[in-house]
Amino acid sequence: MKKTVICPGSFDPVTLGHQDIITRASKMFDRVVVAVLVNSSKTPTFTTEERIELLREAVGDLDNVEIVSFDGLLAEYCKSCGINTIVKGLRVVSDFEYEFQMAIVNKKLNPTLETIFLTADADSTFLSSSMVREICSMGGDISNFVPACVHDRIVAKYRKS
Ligand code: PNS
């Protein structure tokens, strides 16, 4: 049977770390659904459409990867599309507590769900979307942090605002 996994996130914006995890997941599983959270407690800098567009640029060349958006609980979304495996990246120890909690809550809400963690690439352990946003908003160089193909679009967003 073909194995489908989901890589959920805010992707506000996609970073080299996200690109690495999605690429590695695409080599391990038959199909990878990258799911962009529409509404969260945080107001995103990039619209849902922009985040999807940036992801398409970053990982759209991977044949078995598709990009969707979802609203509400991840556990419910997974149930609605018959996915029972979440893949997430783990960067540093401080990620662990939150991710561990989320994995348990998701399993409580939908007992078919398992969460698999891939360790972040050594070059991405320090990297986060919020760091990219902060550096970019202050005019810093983000070229080591985001995929080259989306660099200019991310910078342009800050030039506009
Ligand atoms: O990129 P992020 O912000 O770490 O991604 C977090 C995400 C989107 C995976 C997580 O916030 C999520 O699944 N949100 C949907 C709402 C939900 O299911 N919450 C869990 C129970 S509180």
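Side notes on the structure shown:
- Paramagnetic label zone (point 7 Å from Cα along Cα-to-C-beta, Val38; backbone N under 20 Å) in the range 83-116: 83
- The label-point distance for Leu73 and Asn144, in a model that sets each label 7 Å from Cα toward Cβ, rounds to 4.2 nm.
- Contour excess over end-to-end distance, with Cα ends at Leu109 and Asp30 and 0.36 nm allotted per residue: 25.9 nm
- Per residue, the chain reaches -14000 deg cm²/dmol at 222 nm when only DSSP H runs of four or more residues are counted, each adding -39500 (n - 2.57).
- Each residue in Tyr158, Tyr98 was given a count of other beta-carbon atoms within 10 angstrom of its own, and listing them fewest first yields Tyr98, Tyr158.
- Percentage, to the nearest whole number, of Cα pairs in the range 4-160 over 19 Å apart: 53 percent
- Virtual spin-label span in nm between Met102 and Glu134, 7 Å along Cα→Cβ: 1.9 nm
- The count of lysine pairs in the chain with alpha-carbon distances below 30 Å, taking only pairs 8 or more places apart or on different chains, stands at 26.
- Annotation: the residues Cys136, Cys78, sorted from fewest to most other C-beta atoms within 10 Å of their own C-beta, follow the order Cys136, Cys78.
- Its relative contact order, with pairs defined as Cα atoms under 8 Å and 6+ residues apart, puts the chain at 28 percent.
- Placing +1 on the Cβ of every Lys and Arg and -1 on the Cβ of every Asp and Glu, with no other charges, gives the range 4-160 a dipole of roughly 260 debye about its Cα centre.
- Of the residues Ile154, Thr43, Met102, the one whose Cα sits farthest toward the positive end of the charge dipole of the chain, with +1 on the Cβ of Lys and Arg and -1 on the Cβ of Asp and Glu, is Met102.
Here, each number is a calculation from the coordinates, and none is a lab measurement. What you see is a predicted model; the values in this text were computed from it and never measured. Neighbour counts run over all protein chains shown; Cβ positions are idealised from the backbone, glycine included.
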